[in-house]
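Single-structure report; data block below.
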Amino acid sequence: MRFIHAADIHLDSPLHGLSSYPDAPAAQLRSASRDAFTELVNRAIEEQVDFMVIAGDLYDGPWRDHNTGIFFCKEMGRLKRAEIPVFVLFGNHDAESEMTKKLELPTNVRCFAANKPETVKLDALRAALHGQSFKHKETVDNLAIGYPEAVSGYFNIGVLHTALGGYAAHPNYAPCSVEELHARGYQYWALGHVHEHFVWTGPSTIVFPGNLQGRNIRETGRRGAVLVTVDDDGRVELERLFIDILRWETLTIDAADCATLQDVSRKVGRALEDLAADDSQVPRAVRVTIRGRSPAHGELFGLEGQLRMEVLASIAAIGNERLWLEKVKVETQAVADPALVEGRLDAFADLQEILRDAQTDPDFLKELQAELNTFATKVPPDLRPLVPTLQNVQSGELEGLVAEVAPGLLDHLARVE
Amino acid sequence: MRIRNFHLIKYGKFTGTSLTFPKNEHDFHVVIGPNEAGKSTIRGAIGDLLFDMPTRSGAMAFKHEQRDLRLGAFVENATGELDFLRLKANKVKLRTPAEAALPDTALDPFVGVAGRPFFEQMYGLDHTMMVEGGKFILDASKDVAQVLFQSAAGIASLGKVKDALVQEAAAIWTSSSAAGRTYYAALAQLNTATQELKDSAVRTKAWTDAHAAEADAQTKVDQADAARRGLEQRRATLERVRRLAPFVATLRAREEDLKTLIATGSVLELPSGSSTVLTQGEAAVSSTGEVLKLRDDDVGRLQGLRDQVTYDQAVLTRKVEVDDLEAFRHRVRDHAKDLLLRQQEVDQELERMRRACAELGWPDSEAEVRLTLPPEIALKTVTTLVKERGALELAKTTSQESVDTKERDLAAVQKELDTFSVKVVTEELRSALEEAQTAKGRAPALRTLMLAGDTAKQTLERALAALGRWTQPLAALRTMDVPATERLAAMQAHRSRLVTAVEAAQERADESAGKLETTRLAVDQVVATKHIVTAEDVRLAREERDKVWSSVKSHALPLEAGAPALDFAIEHADRQVDVQLGSTSEAAQLLALRQQLQREEAEQDRLAQALTKRTAELEEFDRNWATESAGHGLNGMLLEDVSAWFIRREAVLTAAAQLESKQAELAREQEATEVARVALRGLLDAAGFACSPDMGLVALCATADGHIKSADATVERRKALVQQLDQGGRALETLRATALRANQALQTWESEWAAALLKAKLSASSRTVAEAEAAIEQVGKVHSALEKAASIRAERIDTMNADLDRFQGLGRDLARELVPDAEPDADIAALSKSLGERLARAVSEQQAWVNADENLAAAVNQRDEARVKAQEALATVKPLLDAAGVSTLAEARPLVERSDRLRQLQAEITSAKDELLKGGDGLSLEDLVAEVDAADLAALPGEQDEIKRALEASTGELTALAELRLTTKQALEAISGRANAAVAESKRQEALAALADASERYLKVATASKLLRWAIDRYRDRKQGPLLQRAGEIFGGLTLGGFKTLHVDYDKQPPALTARRSNDALVEVSGLSEGTRDQLYLALRLAALELQLSQGGALPFVADDLFINFDDARAKAGLRALKELSKFTQVIFLSHHDHLLPLVREVFGEQVNVVELGEPVEA
């Protein structure tokens, strides 16, 4: 028996944090979640699996475009023509979706009920699937304890959307423990909700397949589903199917040995080439973070825009269709220790002291807030969660911003010709 | 930190150049040299020396390899000194002069926390930077804070950075929207994408509604379709009746005709087309008979024509041989003429042969000549010997000449050797000269030592003078009891605390006295201005009243006298009570003031006591110090001055030690030089040179050196002559052997020559080599002529004769067969030509016979075909005649006509039925006939019109419903799972990301801009006062008193920097000339440097050609400013202006250290 276990597909969910620029592969990747799902269906047909399990969060919760549901139905239609049944369980994101209620799904799709756990037996395969969809978004009850007893002589698969004891990155919905799942007597637990890939073995094989397509810089690395093969003795073999269309990567560059912006740019270029050479079929969204105590700290502070342009030039040389720059974050520090600057006899020592005082000077902070608030009050609401500093501006908590900017300014001033 | 010695060992254009910067009263040093002498290189080299050579030192590696670049220096400061080398290396970059590795941190105690940028900004200043600074001051003249900060920091980029930050922030966002700004561009994208999302997203309810609408429209369309189908059906029925009614009528008429025909007799059913067969058969039988007759006639005629043609068969059978003979005839046609020409050529060659034979004296017959010809090898031998003869003669002559020349050379050498004498020099003299030259080489060092001694002496004198009235002999200074530095510092700190305590006590006492006086004044004012009755006053008034009453009551005071007094006392007491009650608050105030006064008086007493105590402590301390200082011989010296005095004393002791060291070293060097001189002079005397006793070392060295070189030259010459003689003797023997071999070789040749001539049969004609060469040439001609004659005979003449013979043979053979009557000696060529013509005729006649035969065969074929067609015509009608039962075509015709009538009627009946079924829309024949019979044909058109109108109405309705269905279907299909909304949301997120990037950068840049502005203002607040005061003083000096102070005019907004002229006029920066602004910048830089240096930690200040555009007076003023700076730190002044040197000496004294760089700079 072979089946595909997927979860957290979040169809039509957009990629976050990627700003477009003239040569960015935006048009190519705007439908990444759809393309990944289509690829998943392709693989199911190619592998001729016996069935597919989707363990929750098929759609994004707030997403209202019914076209997404229609698209899902069409893809399910392809599986129907290939005679592949699909078992869908709704999680926190799709529990209250209007689409979930109104869609007319093809007959090969079976959705688990939300009011109580139910069991579907596949006699030809000697397999039984147990599952219960979320009724409400914020389901915080332990659903696993209500799951039916294992069907004797069958390969029992528990389908569950759960945070499994709680992961900081995800709300603690339908909590339960690995021990509880092992104790249920099932052979396989097809879980969803946690976007990373995890596997526990023991009496049961418990699997989070991870989400199908990374959607932001926090979801780096390879993504996809799991192909599960069960032999006649009930032994389980897992194979990860990497079907993501765009892969998120972070590239951290130590600029300690870079004297100038050009040096940094060259080093970033080399690292990008190495990145592109690895598994080069999949386009990447890259965040480049420059760190370390660097002689180029001041120059980078003053010329962040130029650095971004040079990184984009490196990407163009590699191939714009292969890399999409998410952001260049400059987190370098000045080489000179502040204590050493204090020992200098020139005005920079005074300047450093003054800049340090500025962090706690109420008058300065008040003036700065007034100036920045002019901007902060005008930005659209959607932007506020993306730029935490805006909240700091409005609440007047600007010490951190000043502490971040001051050393760069000082070094920049000291090094500009 | 200062540099005492600086060595440019391998660096830039320098190799082994050393610069010395001795410490003087003013640590000022001039390095002077023309352009390209390397001054700028020195400035950079100091940076490299102190802070490492940059990774890419290509600019300084044009003469030396990068890896060889090397600097050295001796640096010192109050804490120590270091002699070191700086290398261009990756690992060990610092070394001792003895090449021992030093840690990279070895220079840290000297350069402190300074980095190279700091050093170059603060301690380096050249003319370009000064001019740039002046320009900047003008640019920022309205921003005092920026002017001060930038000048103090020594950076020229502050304004640029500030402007760049402001510009970058503005390029991202300002409160006014503009598409060009990054933020607004992203915002526009966001708005567009949001609208796009709204337009393309479809709610589930919208889909449900669209789905229901589409289903409803479909139902209506189905109903309308059904109604229309009913109308269409009725219309079809009516149309069918109208269409089929005529066929029903036809069917019935033909069925009647058929019955009538059968009633008139039997009718044969012959095959259809029998009539046609009958007609065509009659025509075919007639025409084929006529054709057959014509073809028979043609065959007879053509056979007669063919039999008349004949041709020559005999010649045709030998056609190949006749053609070959004719071809052979054409080929040999010109052979007879050619044979004559070839024979002439043979004769010409034989004639050439005979002429050559005559030269050689040989016979002229060809046969004899061929027998006489010498063998080829003999001729080659003679030729080879001829070639060798010249070389052998030349070898013989040359080798003999070489022998003669060498013999003459050796004789001359032997003669010179016989008369040569050799001078001898003792080893002692050589050693003495070497010593003396070493001593002579020390002369510059000696001069340097003498100079250093003088300098040290002057330094000592200046140091002693600097001790002032507490100066003492050196011995006393050395042995004087010096308090420990730590103790001195502790005492100074203690006294400082005492002074501070006294000042504080005095300040507090003064403050308390002020307060006391203020309180007294307040009390007086309250008393004077307020009528206040206190409880005490009331008590006193009541006591007075009671006292008077007691006196009256005791009769001590008579009633008459006491009554008025008592009344007054009672009234006074009551009045006092009234007043007290009315001035309670003033009284309380006065009481409080008086209590305060008491407290302050007490505080005043306490503070006065404290002041007295503190003062006493200070005085006690000073008395103790006076006693102690007297003990050190420093009677009257203030404690504050004593540290400086001890430093000056250290300087005296250092200078004394330096002087002693130099003097001792000088004495040692002088003694060593004198010893060497005396020894050399003694040995020269012994060698016979009369040297005066006081002859100098240089002259003695020259004499000794000349003597030794002369003697060594004689020895070398004799050695060379002997060697020459030996080598010449050996060479002569070799030359003689060579000459002998050449002579023998010539003799051998002579003997071989005679034998070779004989073998070549040339002895008779060749006595000399030249004759032999001519004879060989003639032999060659003979040989050539004979070969050519033989070749023509064999290849041409013989071949042609053979061809002619074969032609004759072939011709005769053919003639015997084809022309038997021909003559035996007939001309074969003519015979061949005749046979060719005969053959052509035979071929032509044979072709004519073939053509006639082919025509006959064709006519026979056509006759056979005509015969077959006649038989076929008869066969065609045979079946018809058989079927009809008759034997002729005429009998068959009436039977065929009745058969055709029967068939026609049957066909028309069938056709009518077929038409009915074809147009009957699938109904049976019976149903159709019944339908037509049942119909009222007269009413048919009216009913058809009615149905037509109903159908037209139905079409309109259906069209509208179809549009409705299409619209609803399209609306539903629009929700087809397309990704427009998802793509729009992606675009929205992209725009948000761009907005976030822009916002983060804006907040950062705006904060940086604000921070910089604020920091500059704070710097001004903190530093402006002392910096402006000192810069004003320096500026006054630089402008020769043209300006006296610098101010900030706060009446202006923003406050402006102004300079006050000597006549008190205020001038803003923008009103200063360009040169004066440069000087203002220099003043600000020097003032900032001085202020900072006063905190300690100095580095050498390198001034590079600062006064290029200064006149002498201003240059002198600039030097004075640097003189002041040189009190605090070492100043190295680089210039290419020689004319500045007198000014420098005028300002710094004649002893100022001047280092001159010449051309070239290599040491």
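Before moving on, here are some points about what is shown:
- Equivalent-ellipsoid semi-axes of chain A, from the Cα gyration tensor, Å, largest first: 50, 24, 20
- Of all the options A:286, A:236, A:53, the one that moves most in a Gaussian network model of chain A with Cα springs shorter than 10 angstrom is A:236.
- Positive contributions from Lys and Arg (+1) and negative ones from Asp and Glu (-1), summed over other residues with Cβ under 14 Å from the Cβ of residue A:111, come out at +1.
- Three-way shape call for segment A:73-201 based on the alpha-carbon gyration tensor, with the a/c threshold at 1.5: oblate
- Cross-linked pairs B:91/B:662; B:63/B:91; B:457/B:1116; A:80/B:220; B:440/B:719; A:366/B:198: Cα-Cα separations exceed 31 Å for B:91/B:662; A:80/B:220; B:440/B:719; A:366/B:198.
- Relative to the longest principal axis of the Cα atoms of chain B, helix B:889-918 runs at roughly 20 degrees.
- For the cross-link pairs B:160/B:1052; A:102/A:135; A:74/A:135, the ones whose C-alpha atoms lie over 19 Å apart are B:160/B:1052; A:74/A:135.
- The protein assembly as shown, dipole about Cα centre (Lys/Arg Cβ +1, Asp/Glu Cβ -1), debye to the nearest 20: 2300
- Look at the alpha carbon pairs under 8 Å that are at least 6 residues apart: their mean separation over the length of chain B gives a relative contact order of 33 percent.
- Straight-distance candidates among the aspartates and glutamates for linking to residue B:319, with alpha-carbon spacing under 15 Å and chain neighbours fewer than 8 residues away dropped: B:813, B:817, B:837, B:845.
- In loop segments of segment B:262-323 as defined by DSSP, the GluC sites (Glu not before Pro) with at most 14 further C-beta atoms inside 10 Å of their C-beta are B:269.
- Degrees between helix B:204-263 axis and first principal axis of chain B (Cα, 0 to 90, nearest 10): 10
- Relative contact order of segment A:247-335, pairs being alpha-carbon contacts under 8 Å that are 6 or more residues apart, as %: 41
- Convex hull volume per residue for segment A:247-335, taking Cα atoms only, in Å³: 70
- Global geometry of chain B, whether rounded, prolate or oblate, following the gyration tensor of its Cα atoms and the 1.5 cut on a/c: oblate
- Simple Cβ-charge dipole of segment A:247-335, Lys/Arg +1 and Asp/Glu -1, about Cα centre, in debye nearest 20: 160
- What separates the Cα centres of segment B:490-529 and segment B:222-294 is a distance of 154 Å.
- The distance separating the Cα centre of segment A:235-306 from that of segment B:721-745 comes to 86 Å.
- Tensor-based shape of the protein assembly as shown (alpha-carbon gyration tensor, a/c under 1.5 rounded, otherwise prolate or oblate): oblate
- Convex hull (Cα only) mean projected area of segment A:63-116, reported in nm² to one decimal: 3.8
- Nearest 10 degrees, 0 to 90: helix A:261-277 Cα axis against chain A principal axis: 10
- Distance from the alpha carbon centroid of segment B:993-1066 to that of segment B:64-100 works out to 41 angstrom.
- Where Rh is the Kirkwood radius over Cα pairs, Rg/Rh for segment B:802-920: 1.69
- Here segment B:708-764 is treated as a sphere whose radius is the Kirkwood value from Cα pairs; by Stokes-Einstein at 10 °C and 1.306 mPa s it diffuses with a coefficient of 102 µm²/s.
- Kirkwood Rh and Cα Rg combined as Rg over Rh, evaluated for segment B:666-783: 1.72
- Contour excess over end-to-end distance, with Cα ends at residue B:1021 and residue B:1049 and 0.36 nm allotted per residue: 8.7 nm
- For peptide A:377-384, the mean count of partner chain Cβ atoms within 10 Å of a residue's Cβ comes to 5.
- Cβ-based exposure ranking for A:242, B:1133, in which fewest neighbours within 10 Å come first: A:242, B:1133
- Taking the charge dipole of the protein assembly as shown about its Cα centre, with +1 at Lys and Arg Cβ atoms and -1 at Asp and Glu Cβ atoms, the residue from B:496, B:449, B:194 reaching farthest to the positive side is B:449.
- Counted residue by residue at 0.36 nm each, then reduced by the alpha carbon distance between them, the extension gain from residue B:450 to residue B:716 reaches 91.4 nm.
- In plain terms, the residue of B:7, B:572 with the fewest other Cβ atoms within 10 Å comes first and the most crowded comes last, giving B:572, B:7.
- Extension gain, residue A:124 back to residue A:198 (0.36 nm per residue minus Cα-Cα distance, nm): 23.7 nm
- Here the label points at residue B:592 and residue B:944, each 7 Å from Cα along the C-beta direction, are separated by 13.1 nm in the simple model.
- Where labels lie 7 Å past Cα in the beta-carbon direction, separation of residue B:605 and residue B:802 in nm: 17.4
- Within-10-Å neighbourhood charge of residue B:526 [Cβ basis; K, R +1; D, E -1]: 0
- Contact order normalised by residue count of segment A:338-417, Cα under 8 Å, 6+ apart, percent: 33
- Charge context of residue B:709, other residues only, Cβ under 12 angstrom, K/R +1, D/E -1: -1
FYI, it's all coordinate maths here, none of it is from the lab. Remember, it's a predicted structure, so these values are computed and weren't measured experimentally. We place every Cβ from the backbone using ideal geometry, glycine too, and count neighbours over all the protein chains shown.
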